[in-house]
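Peer 1: Pasting a structure below so you can have a look.
Laboratory data are not the source of any read-out in this text; all were calculated from the coordinates shown. Small disclaimer: the values here were computed from a predicted structure and weren't measured. Positions of Cβ are generated from backbone atoms using ideal geometry, with glycine treated the same way; all protein chains shown enter the neighbour counts.
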Amino acid sequence: MPCIHINSLNPSISSAARDERFIAILRGLDQLQCGGLRRILTFQESNGEIVYDGGNFDPATRQWCPLAIGLGLAGRADTELIHSDAEAKIFIVREGRRHVPDFHLNPISGIRGLFYTSERPSDLRIACETILSARGLCDSNMEL
């Protein structure tokens, strides 16, 4: 799976490319294959609820973070056994490592910058689209 090289990004997003939070979000999402990034975009377009802040899973609402959605965890039957954010984190990492051996969660708490602070849904869309664009044509049949 290709890795995003910040210097190779479209110049039209050059100011965002200097934002440490933008870079952190890209690095986290870059663990997903094209299908996983598209899954996030489709989930957003269908008005699916996403945990944008404060954890990876909300047990009260059953909402998942973007990485979990990209991995296809939202709505899976086996996720009904998850009852806390801590359990969800273990589950997300385990599932991610089935596809990417060094998969990790992508906490951005404390990282300086303006990206993904006030406009999280649109910033997530921008990040996914940036990665897809940087990768060029992705095989639409990719599983993740």
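Peer 1: Which trypsin sites (Lys or Arg not before Pro) in region 67-144 sit in a loop by DSSP (not H, G, I, E or B) and have at most 12 other Cβ atoms within 10 Å of their own Cβ?
Peer 2: Numbers: sites: 76, 89, 94, 97, 98, 112, 125, 135; in loops: 76, 98, 112.
Here the sparse-neighbourhood loop sites are 98, 112.
Peer 1: Calculate the all-directions average of the projected area of region 26-89's alpha-carbon convex hull, and give it in nm².
Peer 2: Working: hull surface 17.4 nm².
Mean projected area for region 26-89: 4.4 nm², to one decimal.
Peer 1: Take every Cα-Cα pair in region 6-135 and report what % of them are more than 25 Å apart. Kindly include the intermediate steps, with their values, before the conclusion.
Peer 2: Values: 1718 of 8385 pairs.
In whole percent, the share of Cα-Cα pairs in region 6-135 beyond 25 Å is 20.
Peer 1: Hey, quick one: spin label on residue 132, modelled 7 Å out along Cα-Cβ, who in region 67-92 has an amide N within reach, i.e. under 15 Å?
Peer 2: Under 15 Å, as judged by backbone N against the label point of residue 132, lie 70-71 of region 67-92.
Peer 1: I would also like to ask the following. When the Karplus curve 6.51 cos²θ - 1.76 cosθ + 1.60 is applied with θ = phi - 60°, which whole-Hz ³J(HN,Hα) does each residue of region 111-121 get, with x for Gly and Pro?
Peer 2: 7, 6, x, 9, 5, 6, 10, 10, 10, 4, x
Peer 1: Hey, for a label at residue 60 modelled as a point 7 Å past Cα toward Cβ, could you say which residues of region 79-94 have their backbone N under 19 Å away?
Peer 2: 82-89
Peer 1: Moving on to the next point. Hey, for a label at residue 42 modelled as a point 7 Å past Cα toward Cβ, could you say which residues of region 61-76 have their backbone N under 17 Å away?
Peer 2: Label zone hits: 66-76.
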